[in-house]
Structures are given as C-alpha cells and as structure tokens.
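Everything on this sheet refers to the single structure shown next.
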Amino acid sequence: MNPLMLSNCLSTYLIIAAVLFGIGIFGLVRRQTFIGMLISSELVLSAASINFMAFNRFLAPDPTTGQIFTLFIMAIAAAEAAIALSIILAVYRNYRSIDTTDLKDLEG
Amino acid sequence: MIQTLFSADGLTTIIFLVFIATTLAGALIAVASQVLIRSVSGLALCFLGVAGIYYFLASPFLAMMQLLIYVGAICVVIIFAIMLAESDEGQRRNNPGLLAGIAASLSCAALAGGIIWLALRNGWDRVAERTNEGSVEQIGRALLTSHSMSFELISLVLLVAIIGSLVLSRSGRNRQ
C-alpha cells in the first residue's frame, strides 16, 4: 500500500476509531471521579462518530446521511453532558465529593 | 521517498498524521492525567484532532460543528463543573494497585485489537454510485425533508435536557 494514500483509505479511519474507543473504555474503567468518567465517555462517542463519518465517506450511497447522524450524535452528547454534569453537581452538594467510591449509601 | 514527501500528496499525508497524533495524544492525556483540568485540556486537544479528521473525510461543515459544539461548548461546561465541584483527585487516599492498571490496559488493548482485526479482515464493498455530493446545501435539504422528524425530536430532547439540568442543579440549594 502506498503510504501517501493513507488519508484515502477506509482502514486508517477504522483503526483510529478503534484505538480511540479502547482509550475511552480504559478511562471509563480507570477514572475514579464522575467527571473523569464523563470525559472518557465523550471519547467513546467521538470514536463512534469517526466510524460513521468514515463509512459515510467511503461506502454510503447518500453521503448526507452519515453527516446528519454525526450531527445528531453531537446533539445527544451535548444533552448527555448537561444532564450528567448537573447530576454530578447535585451529588457533590449532598456528599461533598465526586469520587465514585464515596457514594455507598446503598451498600449492604 | 524524500522527493515524494514534499509533493502535494506528501504534505497532505504529513498534515493527516499530525491530526492523528493530536487525536491520540489528547485522548491519552485525557485518560491518564490525574488532575481533572488537564484531562479536559487533553479532551479539547483530542476534539481538535477529530475535527481535522472530519476535514479529511470530506466534511468541513462537520469539522466546524465539532469545533463549535465540542471544543466551544462541552469542554467549557465540563470546566465549569470542575470549578463548582472541586475534587481532590490529586492526593488520592485509596489508589488501586498497579496490577489492576495493567489488567485494565491489557483488556482494553485486547478490545481495540479485536475491533481492528475485525475491521481489517472484512472486505468492505465499494458502493456503485453516489446520489449526491454531500455538500452543506444538500445536508440542509435532507435535514428538513427526509430527516425532519428526527430533527424535531432532537430539538425536543435538547429542550428537555436544558429544563432537566436546570431542575437538577436547582434542587437542594437553599433559597437566599
């Protein structure tokens, strides 16, 4: 494969998206605050968006569909970030902490 | 190779590699940094690289939207939340062991490697012909004709999210 055609090849974008997804899942597992987990979930969402855009560019017969779907993902991500951050603020007001291990009122 | 590196294709490839490096470095900073504000900066860097990747995927409109919505709105909102809910993640008292970190990175590497293996093994069929170019004008037309129902629904979802986040962050605060 010609290395100069790297940006015109579907596999490149799929590999980038898979690596980004792996990093995001790693952050979801490892981070110990809610805001850190939210940041990692944004990484997972952008990996999904890159996949949609790559398939849209190379395989879709109607190239507007993938772009519109990516726009919808952005809107959903914005709504999710707003809701999650206000839940985090409510949790912080009650527990004075955003640590995931401090919320154990229901622990038996 | 050196001659071709300075041709138009070579420069394009170099810019593309810079965008990929920005994306992956930003993502690594976002998950690896212990200070939350550095994580958000890494996230903004990663979104900048993703916007460049969108540009290479023949969609400058989505690249601009990525900059406006993700870097301009979501990162700023997360920074505001960090200001309001200051955490002490820097000086952790219960640090999970090194073994758990190694296990997590190994399993996530296996996950990403499995997805890459599946993506490369599958021979994706090329499409026969495209019906349009995917320009901004055609995106707007499709958004208001064939996708108008989901367009209305997404604005409803955003409205509910705005009201819900206002209610959630209002409750529990004592009245002045």
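The values are calculated or read from the model by the stated rules, or taken from the named source; none is laboratory data. Every value quoted in this text rests on a predicted model; they were computed, and no experiment measured them. For neighbour counting, all protein chains shown are included, and Cβ atoms are generated from backbone atoms with ideal geometry for every residue, glycine included. For the accessible areas, the whole protein counts, side chains as well, though only heavy atoms, and no ligand, DNA or RNA atoms are used. Shrake-Rupley method; radii C 1.70, N 1.55, O 1.52, S 1.80 Å.
Return the pair list, or none, for Cβ contacts closer than 7 Å from residues in segment B:148-161 that are within 8 Å of chain A (Cβ to nearest Cβ) to residues that are among the small types (G, A, S), at least 6 apart or on different chains.
Listed by first residue and then by second, the contacts come to B:I154/A:A75; B:V157/A:A79; B:L158/A:A75; B:L158/A:A79; B:A161/A:A79; B:A161/A:A82.
Just the residues that are among the hydroxyl-bearing types (S, T, Y), in a helix (DSSP H, G or I), at the interface with chain B (Cβ under 7 Å from one of its Cβ atoms) and open to solvent by 20 Å² or more (accessible area, probe 1.4 Å), please, taken from segment A:68-108. Working first, answer last.
The initial filter retains those residues of segment A:68-108 that are among the hydroxyl-bearing types (S, T, Y), namely A:70, A:86, A:92, A:95, A:97, A:100-101.
Remaining after also requiring in a helix (DSSP H, G or I): A:70, A:86, A:92, A:95.
With at the interface with chain B (Cβ under 7 Å from one of its Cβ atoms) added as a condition, the list becomes A:70, A:86, A:92.
Selection gives A:Y92 alone.
Looking at this structure, is A:A47 in contact with a helix residue (DSSP H, G or I) (Cβ under 6 Å, 6 or more places away or on another chain), within 7 Å of another protein chain (Cβ to nearest Cβ) and either modelled with pLDDT of 90 or more or open to solvent by 20 Å² or more (accessible area, probe 1.4 Å) (or both)?
Here the answer is no, as A:A47 does not meet what is asked.
Could we say that B:L168 is open to solvent by 70 Å² or more (accessible area, probe 1.4 Å) and of a type in the set (A, V, I, L, M, F, W, C) here?
no
Name the residues in segment B:113-129 that are surrounded by 13 or more Cβ atoms within 10 Å (Cβ to Cβ) and either farther than 22 Å from A:Y13 by Cβ or modelled with pLDDT of 90 or more (or both), would you?
Result: B:G113, B:I115, B:I116.
If you take the residues of segment B:18-36 that are facing another protein chain (nearest Cβ under 10 Å) and farther than 22 Å from B:G101 by Cβ, which of them is least open to solvent (accessible area, probe 1.4 Å)?
Step by step, filter segment B:18-36, then rank; the result is B:T23.
Please enumerate the residues belonging to segment B:130-147 that are within 14 Å of A:T65 (Cβ to Cβ) and surrounded by fewer than 13 Cβ atoms within 10 Å (Cβ to Cβ).
B:R130, B:T131, B:E133, B:T145
Checking the conditions here, which among B:L11, B:L48 is assigned to a helix (DSSP H, G or I), more than 7 Å from every other protein chain (Cβ to nearest Cβ) and at pLDDT below 90? Even if it seems obvious, please write down each step before you answer.
Values: B:L48 fails: at pLDDT below 90.
It is B:L11.
Condition first: in contact with a Gly (Cβ under 7 Å, 6 or more places away or on another chain), buried (at least 21 other Cβ atoms within 10 Å of the Cβ), aliphatic (A, V, I, L, M) and closer than 19 Å to B:L120 by Cα. Can you find one or more residues in segment A:6-24 that meet it?
No; the residues of segment A:6-24 include none that is in contact with a Gly (Cβ under 7 Å, 6 or more places away or on another chain), buried (at least 21 other Cβ atoms within 10 Å of the Cβ), aliphatic (A, V, I, L, M) and closer than 19 Å to B:L120 by Cα.
When you go through (1) in a helix (DSSP H, G or I); (2) open to solvent by less than 60 Å² (accessible area, probe 1.4 Å) one by one for B:I163, which number turns out not to apply?
(2)
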